[in-house]
Amino acid sequence: MGAMALAAGTFLFRFAGPVLRSRIKISPRTVRLLEIASVVLLTALAVTTLMPSHSGQFGWALPAGVFVAAVLTWRRAPLLVVILSAAAVTAGLRLLGVH
């Protein structure tokens with residue numbers, strides 16, 4: 001039941017955007033601030049994902065994969081190429097014993 005409520009809520013949020021776009025006017029400054037906030041939020045998510053959440057040893061495989069993803073994103077590679085390359089680098093390093 002909870003999953004259905006989440007699915008319905010997600011649908012309603014996604015549907016409300018196009019429906020309400022012509023009715024609600026947002027200033028260009030607010031739009032710019034929301035764009036900046038989304039970049040900050042995604043950066044914070046990426047950084048917290050890189051930090052070890054347990055007392056185990058911190059390895060270099062994951063940060064290396066993220067670095068590859070960042071470089072490819074900066075070079076404007078397609079998203080699928082970015083994801084697969086980062087995963088391949090991380091997995092390859094882990095196979096080589098770099099954790």
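Each row is one residue, and each column tells you yes or no for (1) at pLDDT 90 or above; (2) surrounded by 10 or more Cβ atoms within 10 Å (Cβ to Cβ); (3) among the hydroxyl-bearing types (Ser, Thr, Tyr).
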site: Gly56; (1), (2), (3): no, no, no
site: Ala64; (1), (2), (3): yes, yes, no
site: Val68; (1), (2), (3): yes, yes, no
site: Val81; (1), (2), (3): yes, yes, no
site: Leu84; (1), (2), (3): yes, yes, no
site: Val89; (1), (2), (3): yes, yes, no
site: Arg94; (1), (2), (3): yes, yes, no
site: His99; (1), (2), (3): no, yes, no
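Kindly indicate which of Arg76, Arg29 is surrounded by fewer than 10 Cβ atoms within 10 Å (Cβ to Cβ), basic (Lys, Arg) and not in a loop (DSSP other than H, G, I, E, B). After ruling out the rest, the residue left standing is Arg29.
The values are calculated or read from the model by the stated rules, or taken from the named source; none is laboratory data. This structure is a prediction, so every number in the text was calculated from the model and none was measured. Neighbour counts are summed over all protein chains in view; Cβ atoms, including those assigned to glycine, are modelled from backbone coordinates with ideal geometry.
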